[in-house]
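Accompanying notes for the structure given below.
The values are calculated or read from the model by the stated rules, or taken from the named source; none is laboratory data. All figures in this text were calculated on a predicted structure; none of them were measured in a lab. We place every Cβ from the backbone using ideal geometry, glycine too, and count neighbours over all the protein chains shown. Areas reflect the complete protein model, heavy atoms only, side chains present, ligands, DNA and RNA absent. Shrake-Rupley method; radii C 1.70, N 1.55, O 1.52, S 1.80 Å.
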Amino acid sequence: MGKDEASNNLPLNGFQEGIIRCLDRHGSHGMQCARSAVRHLSKAWQLRDLDLGMALFRCLTAEEEAATAVFLALKSRQYEGASRLNHRSHRDKTAVIPFFRAVSANFAKVVTAQMDPKIVLDERGQSPRLRVRITHTPPGYPPKWAYPEPPLHFSLRVNDQLHDFRDEMQELARSVGVEDVIAHIDEQKNLRNRVLYATPQGVPEIEGNGEALVLRRRDSVFGALIVFLLIEQNSERQLFAQQCLSSFLKMLGKLPMAEVE
């Protein structure tokens, strides 16, 4: 998929353009959902000044398509519990972006000047791939780099227990003024209906800065596409992907707490 076809003037940085080059036109169902997510973002960008409500709706659809891509990758790689994901459920798909934000918040706490993991694009082979590069800079020494393979084959433990990101999800809920993250997910799930349908109070009117709205959602979508590619491009079941899936299912009440440990 060429850059012009994919982005259609949607502002992208060089790394985001690289992600698009990773999306195989002839790939899996998940790959087609990932490509569809980028297309919806492109349409949202074109609509941002003409019809902000439809731009937002396209953005929401892009996020759901990216979430579907992640679900399908987990299923195709036969991760434990992946069959409980429902890629036709708005609730399941809407939960993905908030969950990724919670995971990102955890990593933001542990990244230091001495240990700095980044997602990088490797275009040396026939097909571009995403990899994780860990930069380790001991005081007084030059930096060293490590590229774990597969990239998500590690686990995150706190007090010798697999971390389930419960604290980060609660922090996210508090930041948006709700009691728990499920309330936030349900509120976001219903946003698409509030964009489209009238209520007894009147016809919906979406206000705000269209450019900022689309760019914020763009970043969320590309974050999900990174996760999709890190799973899709590696046939081995990776420990951290499994840990996050188990925590995600527990958050949605689809997995008993005892099964997460």
* For segment 102-261, what is the Kirkwood estimate of the hydrodynamic radius, computed as the reciprocal of the mean inverse distance between distinct Cα atoms, to one decimal in Å? -> 18.9
* So what does THR199 come to for accessible area, using a 1.4 Å probe and Å² rounded to 10? -> 70
* Please work out how much accessible surface CYS22 shows to a 1.4 Å probe, ignoring ligands, DNA and RNA, in Å² rounded to 10. => 10
* Asked: Among all helices in the chain defined by DSSP H, which have a length of 24 Å or more along the axis from Cα atoms plus a Kyte-Doolittle mean of at least 0.0?
  -> 52-76, 210-232
* For segment 29-44 and segment 191-261, distance of Cα centres in Å -> 14
* To do: Determine the equivalent ellipsoid of segment 189-261 by diagonalising the alpha-carbon gyration tensor, then write out the semi-axes as square roots of 5 times the eigenvalues, largest first, rounded to whole Å.
  => 35, 20, 9
* Per DSSP H run of n ≥ 4, the term is -39500 (n - 2.57); total these for the chain, divide by its residue number, and report the mean residue ellipticity at 222 nm rounded to 500 deg cm²/dmol. => -16500 deg cm²/dmol
* **Karplus-derived HN-Hα couplings along segment 141-156 (A = 6.51, B = -1.76, C = 1.60, θ = phi - 60°), whole Hz, x at Gly and Pro** => 10, x, x, 10, 10, 10, 10, x, 10, x, x, 10, 8, 8, 10, 10
* To do: Write down the Kirkwood hydrodynamic radius of segment 26-144, to one decimal in angstroms, obtained as one divided by the mean of 1/r over all alpha carbon pairs.
  => 17.0
* Asked: Can you give the accessible area of TYR147 in Å² (nearest 10), computed on protein heavy atoms with a 1.4 Å probe?
  -> 100
* Environment charge of GLU64, counting only residues whose C-beta is closer than 12 Å and scoring Lys/Arg +1, Asp/Glu -1 -> +4
* Relative contact order for segment 155-261, counting Cα pairs under 8 Å that sit 6 or more residues apart, in percent -> 29
* Mind listing which trypsin sites (Lys or Arg not before Pro) in segment 110-207 are in a DSSP loop and have 11 or fewer other Cβ atoms within 10 Å? -> ARG124
* Asked: Using the beta-carbon distance between SER83 and SER235 and R0 = 25 Å, what value does 1/(1 + (r/R0)^6) give for FRET efficiency, to the nearest 0.05?
  -> 0.90
* Asked: Looking only at Cα atoms, what is the convex hull volume of segment 132-214 per residue, in Å³?
  -> 230
* **Solvent exposure, largest accessible area first (probe 1.4 Å, DNA, RNA and ligands not counted), of GLU149, GLU171, GLU65** => GLU149, GLU171, GLU65
* Asked: What is the pair-distance distribution P(r) of segment 18-90, computed from all Cα-Cα distances in 10 Å bins starting at 0, with each bin given as a whole percent?
  -> 21, 42, 28, 8, 1
* To do: Grab the beta carbon distance between SER28 and TYR141, set R0 = 45 Å, and tell me the FRET efficiency rounded to 0.05.
  => 0.55
* **Relative contact order computed over the chain (Cα-Cα under 8 Å; 6+ residues apart), in percent** => 24
* To do: Would you calculate the separation in nanometres between label points at ASP186 and ALA198, each defined as 7 Å from the Cα along the Cα-to-beta-carbon direction?
  => 2.8
